[in-house]
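Accompanying notes for the structure given below.
The values are calculated or read from the model by the stated rules, or taken from the named source; none is laboratory data. Being a predicted model, the structure only gives us computed values, none of them experimental. Every residue, glycine among them, receives a Cβ derived from its backbone with ideal geometry; neighbour counts consider all protein chains shown.
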Amino acid sequence: MGIGARLNWLRAGVLGANDGIVSIATLVVGVAGATASVGALATAGVAGLVGGAISMALGEYVSVSSQRDSEKALIAKERHELTEMPEEELAELTQLYRARGLSAETASRVAEELTAHDALAAHLEVELHIDPNDLVNPWHAALSSALSFTIGALLPLLAILLTPAEVRVPVTFAVVLLALAVTGTISAKVGSSRVGRAVTRLIVGGGLALLVTWLLGTLLGATGVF
């Protein structure tokens with residue numbers, strides 16, 4: 001796997017962890033605002049974790065499967081064109097190398113040599129930027145997404161279940177905001193963007209989500225809904 005693909009997987013993992021952190025944190029904090037029952041918190045948190053991980057895995061599987069199908073279709077199309085009109089494809093490959101800055105003579109020589117070696121691989125690399133031996137894998141994507149979501153979700157779930165009732169909400173707030181600061185830093189470094197801005201967005205957004213759901217849970221608890 002190339003470095004670009006590895007960075008994409010890392011970025012997807014960080015985003016999945018963020019989803020797990022925020023979605024489960026808001027869920028359990030909202031429930032904690034309404035009731036102090038550990039059983040209710042555990043039930044809501046575990047159900048949210050399992051449902052969220054499955055949802056993330058299914059979504060990623062469908063998305064990456066569509067991408068893989070598109071890549072296979074492009075490979076089949078290119079293979080057909082090389083069979084039906086090899087001269088036109090050779091000329092096209094030559095022009096692609098000309099566009100990269102090679103002289104006409106050098107571009108023609110490179111295109112001819114690569115075509116003689118592996119015409120399909122040459123066109124896929126230069127024209128479509130596809131490696132036929134390294135197509136995206138929907139199963140890997142689904143498992144990675146589910147795993148990263150689960151890891152992120154476990155942080156607020158354990159924080160709220162393992163702390164005393166009187167401090168469980170502030171402790172969960174602190175754990176979640178710290179975790180978002182870490183994932184925001186990683187995400188910014190992977191994307192070569194400003195760390196401060198990325199971390200601030202996540203902390204402010206996550207903090208507001210936690211506050212709103214806790215207030216809503218508290219209101220529902222006070223009105224006797226729970």
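In region 174-199, how many are farther than 21 Å from residue 29 by Cα, polar (S, T, N, Q) and assigned to a helix (DSSP H, G or I)?
2
For every residue, the table says whether it meets (1) in a helix (DSSP H, G or I); (2) among the aliphatic types (A, V, I, L, M); (3) touching a Lys or Arg at 6+ places or on another chain (Cβ under 7 Å); (4) surrounded by 17 or more Cβ atoms within 10 Å (Cβ to Cβ).
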residue: 36; (1), (2), (3), (4): no, yes, no, no
residue: 39; (1), (2), (3), (4): yes, no, no, no
residue: 48; (1), (2), (3), (4): yes, no, no, yes
residue: 57; (1), (2), (3), (4): yes, yes, no, yes
residue: 68; (1), (2), (3), (4): yes, no, no, no
residue: 73; (1), (2), (3), (4): yes, yes, no, no
residue: 98; (1), (2), (3), (4): yes, no, no, no
residue: 114; (1), (2), (3), (4): yes, yes, no, yes
residue: 119; (1), (2), (3), (4): yes, yes, no, yes
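Pick from region 137-168 the residues that are β-branched (Val, Ile, Thr) and out of contact with any Ser or Thr (no Cβ under 9 Å at 6 or more places or on another chain): which of them is surrounded by the fewest Cβ atoms within 10 Å (Cβ to Cβ)?
For region 137-168, the residue satisfying everything is 167.
What tally of residues in region 11-67 results from selecting those that are among the aliphatic types (A, V, I, L, M), touching a Ser or Thr at 6+ places or on another chain (Cβ under 9 Å) and under 22 Å from residue 207 (Cβ atoms)?
13
For region 179-226, enumerate the residues that are closer than 27 Å to residue 32 by Cβ and either in contact with a Pro (Cβ under 6 Å, 6 or more places away or on another chain) or among the small types (Gly, Ala, Ser) (or both).
179, 181, 184, 205, 206, 207, 209, 217, 221, 222, 224 - these are the residues of region 179-226 that are closer than 27 Å to residue 32 by Cβ and either in contact with a Pro (Cβ under 6 Å, 6 or more places away or on another chain) or among the small types (Gly, Ala, Ser) (or both).
Identify, from the list 154, 124, the residue that is under 26 Å from the mean Cα position of the chain (by Cα), of a type outside the set (Ser, Thr, Tyr), at pLDDT 90 or above and assigned to a helix (DSSP H, G or I).
Step by step, each of 154, 124 is checked, and only 154 is under 26 Å from the mean Cα position of the chain (by Cα), of a type outside the set (Ser, Thr, Tyr), at pLDDT 90 or above and assigned to a helix (DSSP H, G or I).
Out of all the residues in region 44-83, which are small (Gly, Ala, Ser) and in contact with a Pro (Cβ under 6 Å, 6 or more places away or on another chain)?
65
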